[in-house]
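The numbers here are math on the coordinates, done by the rules we state, and not lab data. Source: prediction; values computed, not measured. Every residue, glycine as well, gets a Cβ built from its backbone with ideal geometry; the counts of neighbours run over all protein chains shown.
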Amino acid sequence: MLSKIKTFFISFFSSLKLTIVLLLIIAIASILGTVIPQGTGIGSLGKLSPGALKTFKFFQLFDVYHSIWFLMLMALLSLNLIVCSLKNAPAAWKRFSIIPSPDRSRPFENLPSDRILTIKRGKDQVISSIENFLLKKYKRVKKKESDEITFLYGEKGAFSHFGVYIIHASILVIIAGVIVGSLMGFEGVMNIPEGESTNAAHLRRHSEVKKFDFTVKCNTFSIEYYSNGMPKEYRSNLSFIKNNKVAFQGPLLVNHPITFQDIRFYQANYGQIPGGKAHIAVTKDNEQPNILTAVREDSFHFKEENATITIKKIEKDFMNMGPAVLIAAQTPDVKVNFWVFKNIKRLQSVIPGLFEKFPKFNPGRFKPFNFTLNEIEDMYYTGIQLSHDPGVPIVAAGSFIIIFGIFITFFSSHRKIWIRVQDMEDKIKISVAGTSSKDPVALQREIGYILKNIKNELGEA
Amino acid sequence: MIINTVILSWVTFIYFLSAIFYTLKMVTGRNFPGIIATYISLFGLIVQTIALILRWIESYRLGIGHAPLSNLYESLIFFAWVIVLLYLIIEWRIKSRNLGAFIIPFAFISMAYASFSPDVKSRIQPLIPALQSNWLISHVITSFLGYAAFTIAFGLALMYFLKGREKSTSPGFFFKMLPGKDILDELSYQSIVMGFIFLTLGIITGSVWAYSAWGSYWSWDPKETWSLITWLIYATILHSRFVRGWRGRRMAIMSIIGFASVLFTYFGVNYLPGLHSYF
């Protein structure tokens with residue numbers, strides 16, 4: 001009974017029918033995944049009836065490639081590959097390792113006449129010449145001599161029997177790498193406004209937040225354009241800060257990820273925060289103005305006066321009076337808050353005696369400084385994608401092996417060559433026969449080459 | 001219009017002419033039109049190569065230098081170039097001009113679509129950041145070698161069906177000129193193997209690139225997914241041939257299904273949202 005089950009199990013899981021059915025089902029499932037919006041696209045399916053929506057959700061059709069049934073298909077395919085390979089491997093090993101006896105007559109049956117050569121040479125000379133040739137070009141060369149007939153055998157490409165198994169094994173390696181990656185790796189995103197930093201990322205799965213033991217700071221973000229307006233470069237200047245020290249600093253560009261602590265960071269997208277950045281000119285007495293570029297909560301210190309100013313607010317349009325920033329300024333003795341308007345001249349002309357009525361609107365309130373708001377700019381945030389995937393080296397290894405396996409499978413064949421040397425009184429008859437595991441055309445070409453070589457070697461046309 | 005696109009639109013007509021002469025060769029059974037067809041295609045290939053080089057140089061002159069493989073127009077042109085190149089190699093190896101009538105038209109169609117469709121912009125565009133990678137060239141070349149090989153297999157499958165309509169009692173002249181079924185089957189198998197190898201390489205180079213551009217070697221982007229679907233279909237074809245010994249008609253049918261998948265991988269996914277939006 002048990003052996004019956006075992007036989008059934010093996011024959012079921014090693015069958016090519018199963019492979020083909022699985023490959024086709026996986027193909028169809030993949031098509032579903034490209035037709036049904038995945039993940040975030042659920043919203044666009046608003047037309048679906050509640051019942052249909054429930055069914056779609058039940059079958060995880062909004063996340064086909066991570067659904068349980070898709071993983072089951074992959075598991076079945078892996079099992080299919082393993083059982084099939086294990087079942088057929090011994091036969092392949094046999095084909096690889098068995099060396100046929102050199103004195104077989106079957107290969108020479110119905111041999112076309114162009115594969116037979118007769119020459120007038122000494123038998124020993126002919127045999128040693130052929131043997132040398134075989135030893136040079138072939139492996140596992142064998143010889144069987146008798147009085148009248150000598151057989152020689154050589155082969156090459158026996159390894160080609162393993163090509164298919166190498167491909168199958170490499171697919172298993174790739175699947176293993178994918179599993180390692182999905183179990184031990186993570187993918188996430190972090191959006192960082194210019195000048196700010198974060199130590200957390202939103203993970204793609206389960207909408208978790210992951211905290212790191214380091215902080216990523218976006219110093220600046222910039223976009224460069226071609227003259228026709230197409231984007232040329234997205235660049236985030238990042239600092240990776242660990243234990244209050246900058247551990248790594250550098251630009252992050254598309255196609256040039258940064259790896260930090262085994263996590264790869266990618267420039268994925270960007271966005272704008274309206275009115276996030278202010279350019280403020282600070283003048284003191286009649287000195288040259290000092291231009292500050294600030295985002296909210298930026299502080300500046302003036303040594304001479306022991307004064308500190310902090311940008312508390314940046315408003316694109318404050319109370320319908322245009323762009324303005326709120327500055328908190330303090331020295332050990334004084335502490336004042338005041339607004340600096342970009343259009344201060346116009347405001348003064350519209351509202352005479354503005355500073356007397358509203359001292360808070362006087363940009364010269366913090367003496368001896370005078371402030372001017374030059375410009376408020378939109379600020380960028382950089383969208384960084386990050387991933388940690390320990391499965392990558394495994395997948396990469398699998399990809400290398402699959403190429404290797406494909407080349408062995410399609411470009412090599414197990415060629416066996418038999419050469420029979422017969423002593424015919426005054427001349428020697430040489431017959432060359434062969435078999436090939438595939439590619440009979442190449443075998444013919446090869447036999448032609450051998451015959452030509454023997455002719456050249458023994459100097460007789 | 002820039003000179004290279006003008007030359008490339010001429011090449012369209014050169015391939016059209018070549019297709020006509022290959023068809024003449026097949027219909028009349030004379031060798032002469034075939035020889036002319038070969039020289040015309042070779043001439044077209046050389047002119048196209050020159051135009052591609054000019055385009056490449058022109059892009060540097062515009063200060064945005066990159067290989068001409070970066071948008072739909074350039075990919076269609078390159079597709080045609082690879083088809084003609086592969087075809088001429090096959091013609092030279094099998095020493096027969098009977099396949100041209102079924103293969104060169106694909107190069108012509110691709111060129112015509114690129115040159116005359118209002119949807120295909122022929123201007124040289126600069127590379128957006130995602131395309132600025134050394135992997136662009138190897139990914140596009142391997143992928144299109146794969147596409148072209150599958151296209152040739154499709155042309156051979158069509159010939160196979162045509163040959164199947166031949167009446168055994170009094171075969172028409174036209175049918176006589178078609179290569180034998182066994183030859184068609186073998187050539188189609190070899191094309192599929194070639195396409196499969198290059199598709200595999202195309203997928204691998206693509207995932208290496210994606211690993212440095214998109215944050216993951218595999219994102220289930222529609223084009224990625226459809227390339228996998230195509231790969232699975234051709235893997236099925238190869239298995240049924242190796243293990244089940246499927247030949248001839250069945251192979252031809254599957255080759256046509258595979259080609260439909262290739263076409264969808266190439267064009268169809270543009271109608272699905274995804275990351276490969278520039279092709």
Can B:ALA19 be described as of a type outside the set (D, E, K, R), in a loop (DSSP other than H, G, I, E, B) and touching a helix residue (DSSP H, G or I) at 6+ places or on another chain (Cβ under 8 Å)?
no
Return the residues of the stretch A:203-236 that are assigned to a strand (DSSP E or B) and within 14 Å of another protein chain (Cβ to nearest Cβ); say none if nothing qualifies.
A:LEU203, A:PHE221, A:SER222, A:ILE223, A:GLU224, A:TYR225, A:PRO231, A:LYS232, A:GLU233, A:TYR234, A:ARG235, A:SER236
Any idea which of (1) at the interface with chain A (Cβ under 7 Å from one of its Cβ atoms); (2) crowded, with 20+ Cβ neighbours inside 10 Å; (3) more than 24 Å from A:LEU386 (Cβ to Cβ) is the one B:VAL243 doesn't satisfy?
(2)
Give the residues of the stretch B:246-261 that are within 12 Å of chain A (Cβ to nearest Cβ) and of a type in the set (Ser, Thr, Tyr), sorted by residue number.
B:SER261
Strands (runs of 3 or more DSSP E) contained in the stretch A:252-302 and holding at least 2 residues within 14 Å of another protein chain (Cβ to nearest Cβ) and touching a helix residue (DSSP H, G or I) at 6+ places or on another chain (Cβ under 9 Å)
A:263-284
For the structure I just gave you, tell me whether B:SER219 is within 8 Å of another protein chain (Cβ to nearest Cβ) and in contact with a Leu (Cβ under 8 Å, 6 or more places away or on another chain).
no
Looking only at the stretch A:301-325, filter to residues that are among the small types (Gly, Ala, Ser) and within 19 Å of A:MET379 (Cα to Cα); which one of those is surrounded by the fewest Cβ atoms within 10 Å (Cβ to Cβ)?
A:GLY322
Which of the residues spanning the stretch B:83-118 are within 17 Å of B:THR12 (Cβ to Cβ), in contact (Cβ under 8 Å) with a residue 40 or more places away in the chain and of a type outside the set (A, V, I, L, M, F, W, C)?
B:TYR87, B:GLY100, B:PRO105, B:SER115
Which residue out of A:GLU145, A:GLU131, A:GLU109 is of a type outside the set (Val, Ile, Thr) and free of Cβ contacts under 8 Å to residues at least 12 places away in the same chain?
A:GLU109
Verdict on B:MET26 being of a type outside the set (Val, Ile, Thr), touching a residue at least 60 places away in the same chain (Cβ under 8 Å) and under 22 Å from B:GLN190 (Cβ atoms)
yes
Please verify whether A:PHE248 is over 17 Å from A:ASP378 (Cα atoms), away from chain B (no Cβ under 14 Å) and among the aromatic types (Phe, Trp, Tyr), treating the condition exactly as stated.
yes
Candidates A:LYS87, A:LYS6 - the one that is of a type outside the set (A, V, I, L, M, F, W, C), part of a helix (DSSP H, G or I) and away from chain B (no Cβ under 14 Å)
A:LYS6
Consider A:SER239 against the criteria (1) surrounded by 12 or more Cβ atoms within 10 Å (Cβ to Cβ); (2) of a type outside the set (Val, Ile, Thr); (3) not in a strand (DSSP E or B): it satisfies all of them except one. Which criterion is unmet?
(3)
Please list, ordered by first then second residue, the pairs with beta carbon atoms under 8 Å, 6 or more apart or interchain, first in the stretch A:401-415 and facing another protein chain (nearest Cβ under 8 Å) and in a strand (DSSP E or B), second buried (at least 17 other Cβ atoms within 10 Å of the Cβ) and of a type in the set (Gly, Ala, Ser).
none
Identify all residues within the stretch A:287-300 that are surrounded by fewer than 16 Cβ atoms within 10 Å (Cβ to Cβ) and under 47 Å from the mean Cα position of the chain (by Cα); write none if there are none.
A:ILE291, A:THR293, A:GLU297, A:SER299
I'd like to know if the stretch A:151-162 contains one or more residues that are part of a helix (DSSP H, G or I) and either under 15 Å from A:ASP423 (Cβ atoms) or out of contact with any helix residue (DSSP H, G or I) (no Cβ under 6 Å at 6 or more places or on another chain) (or both).
yes
Among the residues of the stretch A:9-24, write down those that are more than 10 Å from chain B (Cβ to nearest Cβ) and among the hydrophobic types (A, V, I, L, M, F, W, C).
A:PHE9, A:ILE10, A:PHE12, A:PHE13, A:LEU18
